[in-house]
Structure formats: structure tokens, C-alpha cells
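First the structure, in the form of C-alpha cells, and then the observations on it.
The values are calculated or read from the model by the stated rules, or taken from the named source; none is laboratory data. Nothing here was measured: the structure is a model prediction, and the numbers come from that model. So basically every Cβ, Gly included, is an ideal-geometry build from the backbone, and we count neighbours across all protein chains shown.
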Amino acid sequence: MELATRQLSDIKRNSEYLRYETDVESLKNSIESVGLINPLTVNKENELLAGSRRFQAITELGWDEVDVHVVDHDLLQQELISIDENLVREPLNKMELEKCLNRGRDIYEQLNPNAIKIDISNESLNPENKLKEKEQEKTDTDSFAAITAEKTGLSKSVIKSAIKRDALAADSVKKARSQGELNASQTNEIIQLEKSLQEKVLPLIADKTVKEAKKIIKAVKQGGMEAAIEENDNLVPLPKEYTLIKSPIKRVNKNLSRILIEGLKYEGPEREQINKEMLELKDNLVKYFEMIEED
């Protein structure tokens with residue numbers, strides 16, 4: 001790697017991983033105060049590999065030339081540099097993150113054939129194998145998940161799950177996720193199937209809870225689409241409102257039990273508001289039980 005100077009007009013921005021048109025006001029202020037501490041990174045053809053936000057900031061500041069690090073790596077190494085830059089800069093949305101992680105894994109494992117490989121099969125692990133995988137994660141320091149965890153602060157398991165979602169999800173599943181029709185947990189279930197089956201089962205999964213999705217996927221594995229359709233028809237859907245109150249109800253009951261057992265009283269400034277909310281909860285609970293007793 002050599003340090004050189006380049007005219008901004010000569011630097012080409014061809015990498016798909018480098019985003020532009022982001023908010024760089026604070027970065028501009030920093031550069032005006034202390035200068036550009038970290039040079040941009042380009043290849044021999046003056047293609048920008050890392051430093052898109054810095055490039056945008058100095059362009060808006062009116063710079064004509066800039067210091068750069070010039071690398072002479074092969075194309076895969078250059079792509080990995082851009083992916084690394086993408087992972088540690090401004091937060092990516094979930095789909096961009098998963099795409100970058102999966103492509104980064106592919107390149108890293110090609111460049112480092114002796115490193116621990118990330119399993120991207122769609123087979124679900126049994127409890128024994130899950131335990132083995134967790135034990136391996138503790139000592140793993142050279143896999144793509146391990147080095148990326150160090151750079152990003154994400155856990156190895158989160159990185160592996162994200163990679164599997166990008167690698168195993170059918171295009172229709174990715175589209176449904178991008179449109180907000182599927183969440184990550186639902187996707188984790190559906191990618192246990194082959195992509196051709198994902199296409200068929202997607203309409204059954206999109207509006208289901210994760211628990212319901214698990215049942216449908218299990219039915220597909222055991223009896224195919226006919227079994228999945230039968231399982232779907234037999235499901236009694238849980239209204240969204242009930243789903244949203246399940247966890248809060250547990251927390252409220254747990255904390256109320258502690259308050260009653262310990263005789264814990266509160267005389268502070270929020271007492272009146274808390275008591276008002278509790279009375280409203282009491283009234284709603286009375287009405288709720290009156291409603292279900294009518295059935």
C-alpha cells in the first residue's frame with residue numbers, strides 16, 4: 001500500500017457497496033477542524049474502495065485533491081475492503097447488512113481456505129449440535145463471523161443468522177421482507193425449506209406468528225404442502241392485539257406479585273398517575289371477563 005495524492009475529479013466511484021448522499025455535516029465539521037486523518041483507499045485504476053462519506057464531505061467542502069492509500073490487491077480483496085467499509089460505517093438496513101455479510105463471508109473464505117467455514121445449510125440443528133456450535137464459537141477467532149464480530153460489535157450468532165437469511169432465502173422471501181411482510185424470525189423458519197418450497201409456503205406464513213410459522217414449516221417437512229395447508233386451515237389465528245399484550249401481561253403480573261409479597265408502597269410524585277392507570281386496567285379487566293363469560 002502506498003500513500004499518494006489524487007485529484008478528486010480523477011477518482012471513480014464504481015463500487016456497489018459505497019453509498020453516497022448521506023448526512024456528513026458532522027464529518028465536514030471534523031475535517032475542517034483537524035483535517036482528513038484517514039486517507040481514502042483506491043486501487044491502481046483510481047476506483048474508490050473505502051471512504052465514500054469522507055469523499056462526499058471533502059467534495060462538499062470544495063477540495064480539489066486528497067491523500068489516498070493506493071492498494072494493489074486482486075479483485076476479491078478489493079471487494080472485501082469495500083464490504084468492510086460498508087459494515088463499519090453508517091448503519092445499514094437489515095437487507096443491506098445481510099447481503100454484505102454473506103458476500104463478505106464468501107470472499108473471506110475463498111481468500112482464507114483454512115479458516116473455519118460458516119455452515120449455510122438449511123438443516124435445523126438438534127440440541128446436541130447446537131451445544132457443540134456454541135462451544136466452537138467460544139474458541140473461534142479466525143472465521144468470518146469472528147473477525148466481523150470484532151469489527152462491528154455484533155455477536156457471532158447474529159452474524160451467522162444474518163448470513164443464512166441472505167444465502168438461503170428465495171427471492172420472493174427477500175422481497176416480502178423488504179416490503180415488511182416478513183420479519184427475521186419468520187424468515188429463520190421458512191429458510192429451513194428448499195427455495196422452491198419457500199415460494200409455495202410463503203402465502204401461508206406471511207401473516208402468522210413465529211409459533212404458527214413453526215407449526216406450518218414442521219408440517220411441510222413431514223407431509224409436504226398438503227399437510228401445510230391442512231395445518232394452516234386448522235390454526236385458530238391469534239389477533240394482533242392479543243399477541244401484543246402477551247408479554248406485557250406477564251411482566252405486569254410478575255412485578256405486581258413482587259409488590260404484594262414485599263408490601264412495597266410508593267409515595268412519590270408518580271403515585272397518582274400509576275394508581276390512575278391501575279384503576280383503568282382494573283376496569284378493563286372486569287369488562288374483558290364479562291365479555292368472555294358471554295360466549
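Summary of values
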read-out: Flag for Asn86 being at negative phi and more than 22 Å from the chain's Cα centre (by Cα); value: no
read-out: Pairs, first touching a residue at least 24 places away in the same chain (Cβ under 8 Å) and within 16 Å of Ala149 (Cβ to Cβ) in segment 91-113, second in a loop (DSSP other than H, G, I, E, B) and of a type in the set (A, V, I, L, M, F, W, C), C-beta under 6 Å, six or more apart; value: Arg105/Ile118
read-out: Extreme residue, surrounded by the fewest Cβ atoms within 10 Å (Cβ to Cβ), among residues of segment 211-269 that are over 27 Å from Asn122 (Cβ atoms) and basic (Lys, Arg); value: Lys265
read-out: Tally of residues being in a loop (DSSP other than H, G, I, E, B) and under 23 Å from Thr187 (Cβ atoms) across segment 109-132; value: 10
read-out: One residue from Arg258, Arg251 being part of a helix (DSSP H, G or I), under 29 Å from the mean Cα position of the chain (by Cα) and not assigned by TED's automatic domain parsing to the domain that holds Pro203; value: Arg251
